[in-house]
Each structure stands twice: as C-alpha cells, then as structure tokens.
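**Student:** Got a structure for you, written out below as structure tokens; questions coming shortly.
The values are calculated or read from the model by the stated rules, or taken from the named source; none is laboratory data. Remember, it's a predicted structure, so these values are computed and weren't measured experimentally. Reconstructed Cβ throughout: ideal geometry from the backbone, glycine too, with neighbour counts over all protein chains shown. Surface areas here come from the heavy atoms of the whole protein model, side chains and all, with no ligands, DNA or RNA. Shrake-Rupley method; radii C 1.70, N 1.55, O 1.52, S 1.80 Å.
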Amino acid sequence: IRRPPRSTLSSSSAASDVYKRQDKDISLTTFRSPVYDNLEVHGMEYTSDGTAKMKNVPILTIPANGEAILGKGGLHLMFMGNRRDIQLGEEIQVVTFDTDEVRYMLNFKVIDPRESVKHDHSHDHHMH
C-alpha cells in the first residue's frame with residue numbers, strides 16, 4: 001500500500017504482482033479489509049488526446065497459470081476511507097472473493113511512495 005505523505009488523506013493505492021497457480025482463470029469481484037471502508041480495482045483509460053482517467057474495474061481476472069500486475073499508471077487497488085491511521089511497514093490484510101465465492105487472503109505492506117521510487121523492490125503479495 002502506498003501511504004500518502006500526509007496521513008490525513010483517506011485513500012491509498014496498492015501496487016503488486018498477484019500470482020496464482022491454477023489451470024483456470026480466477027475472476028475476483030469483491031475486496032474487503034477491516035482497515036478500510038471500501039476497496040476497488042481501478043484501471044487507467046486514455047483518451048485520444050492522451051488524457052488519463054481512472055475507471056472502476058468490476059472484475060479483476062487473473063489468467064490461468066498467469067499473473068495480474070497491479071501498479072502505478074495501470075491496474076491498481078484503491079483503499080478508501082481508512083478506519084484508523086496506518087503505519088509504515090504495517091501489513092494490511094485483504095479478503096477477496098471470486099465469482100465462485102472462493103475466498104483468497106492477500107497481505108499488503110504499507111510503504112512510503114517516495115521511497116518506492118528510489119528503490120527497485122520485489123513484491124511478495126501472493127494469492128494462496
């Protein structure tokens with residue numbers, strides 16, 4: 001989770017590689033966390049003049065034996081309405097459900113976005 005520099009802001013976003021090990025697609029429809037009121041997958045839509053606009057993506061599909069890459073400027077998970085302050089280094093748990101009502105647990109680590117630009121870091125947010 002990229003925490004905004006000012007902790008008074010009520011939304012954050014997440015960038016991650018989300019992997020799976022199955023022979024069929026997984027379509028994730030719902031994301032929940034005890035720390036945030038609302039979580040949504042957003043993507044970027046670009047107009048012919050190059051203007052970018054965020055767009056809600058109702059289903060995040062992870063292809064069979066593939067991955068979904070979430071990151072700045074593309075697909076990302078928005079964490080909105082934090083119920084408490086979050087701390088750098090903290091792990092935020094997220095429960096997600098697919099179209100078959102199968103539950104997956106995800107963990108996201110809170111980072112300072114200014115630091116993530118300085119360092120190339122590996123992601124360890126895997127679905128199990």
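**Student:** Might you let me know whether segment 41-48 holds any residue that is open to solvent by 90 Å² or more (accessible area, probe 1.4 Å), part of a strand (DSSP E or B), of a type outside the set (Gly, Ala, Ser) and out of contact with any helix residue (DSSP H, G or I) (no Cβ under 8 Å at 6 or more places or on another chain)?
**Tutor:** Yes - at least one qualifying residue is present in segment 41-48.
**Student:** Looking only at segment 53-103, which residues are open to solvent by 60 Å² or more (accessible area, probe 1.4 Å), farther than 20 Å from Ser33 by Cα and in a loop (DSSP other than H, G, I, E, B)?
**Tutor:** Asn65, Lys72
**Student:** On to the next question. Look at segment 1-26 and say how many of its residues are open to solvent by 30 Å² or more (accessible area, probe 1.4 Å), in contact with a strand residue (DSSP E or B) (Cβ under 9 Å, 6 or more places away or on another chain) and either modelled with pLDDT of 65 or more or assigned to a loop (DSSP other than H, G, I, E, B) (or both).
**Tutor:** Residues that pass the stated criteria total 6.
**Student:** Quick check on segment 36-82: of everything there that is of a type in the set (Phe, Trp, Tyr) and modelled with pLDDT of 90 or more, which residue is nearest to the chain's Cα centre (by Cα)?
**Tutor:** Phe79
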